Structures are given as structure tokens and as C-alpha cells.
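The values are calculated or read from the model by the stated rules, or taken from the named source; none is laboratory data. Predicted model, so just to flag it, every value in this text is computed and none were measured. Counting neighbours? That spans all protein chains shown, and the Cβs are built from the backbone with ideal geometry, glycine included.
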Amino acid sequence: MTEEYLVEGCINKNINAQRELYERYAKKMLSVCVRYMCDEDEARDTMHDGFIKLFDKIGKFEEKGSLEGWIHKLFVNTCLEKLRKLKKMSYQSINNDNIELQIVENVVSDVDNQLSANDLMNCIKELPVPFRSVFNLYAIEGYSHEEISKILGIASSTSRANYFKARILLQEKIKSIYK
């Protein structure tokens with residue numbers, strides 16, 4: 001089925017189109033949910049919520065970008081909304097907007113060759129929710145700190161500070177794995 005047919009079918013509540021859309025994107029969207037929620041059961045619940053929201057809002061999809069990109073953004077927002085409801089997102093702000101954060105780049109050189117994607121994802125899962133959310137949005141999703149500040153309702157300096165702290169914590173976790 002083409003994307004146009006899937007979208008049109010889902011708008012018309014066609015069960016076959018909905019099933020096809022689900023089967024096409026469920027695995028990718030579960031990985032998005034796991035990245036934010038960490039707990040497998042919570043991620044599956046969030047994915048379920050995301051598909052309900054997707055089928056409800058599919059009529060708002062404008063073919064300006066890819067369907068997959070639109071779905072991905074919807075699922076990221078679903079995860080962030082759920083984290084807010086669970087009250088797991090409290091950010092530490094800093095008073096001066098002009099603080100330049102120097103990112104520490106002294107990770108052990110051998111780690112680059114030994115670290116698997118699975119090890120890295122496990123380290124990211126262990127980050128506190130506010131740090132993990134900003135890290136995912138910035139480093140993985142590609143949002144700017146200004147965009148993150150609008151999405152999360154925090155100052156851009158808070159986004160930068162939380163990203164900085166997430167990087168430091170990740171470096172420490174990675175170093176402890178390879179000691």
C-alpha cells in the first residue's frame with residue numbers, strides 16, 4: 001500500500017489500512033518510546049497511546065514532509081506528554097543565559113572501538129529523566145536548544161545545562177563499564 005492510500009484508509013477508519021500502518025511503523029516507534037520511557041512496559045503503553053493519537057489525528061497530516069517523520073514527531077511528543085503527566089520531568093535552571101558550557105571530551109580512546117550501540121542505549125536509559133529527555137531531543141532527534149526550550153517549556157540555557165550534565169554522566173557510566 002502506498003502512503004497516500006494508508007493515510008486515506010486510516011482517515012476513513014479502514015481496519016486494513018490501520019493494521020498496515022501499525023505493522024509498518026510499530027517497531028520503529030517502540031524504539032522511540034523505549035528511548036524516552038526506558039521501562040519496557042511503560043514504553044509499550046506509550047506506543048499504544050501514540051497509535052491511538054495517530055489514528056485520531058491522521059487527518060491533520062499535510063504532505064509537506066514524510067509520513068514517517070510526522071509519525072516520529074507525534075510519538076516523541078506523546079512520550080514527553082506522558083513524562084510530564086508522570087511528573088518525572090523537573091529541570092534544573094541556571095541563572096545566567098550567557099554561560100558558555102565547555103563539554104568535557106576526555107573519554108578513553110579505546111572506548112570508541114569497544115562500545116556497542118546496545119551499551120550506549122543502556123547508559124542513556126540510566127540517565128535521570130530530565131537529562132535523558134534533553135539528550136534524546138538534542139543528540140538523537142536533532143532539535144536545537146531553542147527548539148527544546150519551547151517544547152519542554154524551559155530556558156534554552158537550562159536545556160544546554162541539562163545536555164552538558166547528561167554528557168558528563170554518560171562519560172562516567174561509559175568509563176565505569178570499561179575499567
If you check GLY69 against the conditions, is it in contact (Cβ under 8 Å) with a residue 12 or more places away in the chain and part of a helix (DSSP H, G or I)? no
Is at least one residue of region 65-84 more than 16 Å from the chain's Cα centre (by Cα) and among the charged types (D, E, K, R)? no
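For residues that are exposed (fewer than 13 other Cβ atoms within 10 Å of the Cβ) and not hydroxyl-bearing (Ser, Thr, Tyr), scanning just region 74-92, find the one that is modelled with the lowest pLDDT. Write out each step before concluding.
Filtering region 74-92 down to residues exposed (fewer than 13 other Cβ atoms within 10 Å of the Cβ) leaves 85-87, 90, 92.
Restricting the remaining residues to those that are not hydroxyl-bearing (Ser, Thr, Tyr) gives 85-87, 92.
On the way: LYS85: 85, LEU86: 80, LYS87: 73, GLN92: 49.
Ranking the candidates gives GLN92 first.
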Residue selected from region 31-53 under the condition modelled with pLDDT under 95 and of a type in the set (A, V, I, L, M), by the criterion surrounded by the fewest Cβ atoms within 10 Å (Cβ to Cβ): VAL34
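Those residues that are of a type in the set (Gly, Ala, Ser) and within 18 Å of HIS72 (Cβ to Cβ), I need them from region 120-179; list them, please.
SER133, ALA139, GLY142, SER144, listed by residue number.
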Looking at LEU67, LEU127, which one is outside the structural domain of TYR25 (by TED's automatic domain parsing) and either out of contact with any Ser or Thr (no Cβ under 8 Å at 6 or more places or on another chain) or modelled with pLDDT under 90 (or both)? LEU127
Test: LYS150 is modelled with pLDDT under 90 and in a helix (DSSP H, G or I): no
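Residues in region 14-41 that are basic (Lys, Arg) and in contact (Cβ under 8 Å) with a residue 24 or more places away in the chain: how many? Can you show your working first?
Pass one, region 14-41, residues basic (Lys, Arg): 19, 24, 27-28, 35.
Still in the running and in contact (Cβ under 8 Å) with a residue 24 or more places away in the chain: 28, 35.
Total satisfying the criteria: 2.
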Identify, please: which residue in region 123-159 is among the polar types (S, T, N, Q) and more than 10 Å from the chain's Cα centre (by Cα) and is, among those, surrounded by the most Cβ atoms within 10 Å (Cβ to Cβ)? SER159
Where residues in region 160-179 are of a type outside the set (Val, Ile, Thr) and surrounded by fewer than 17 Cβ atoms within 10 Å (Cβ to Cβ), which of them is nearest to LEU86 (Cα to Cα)? LYS173
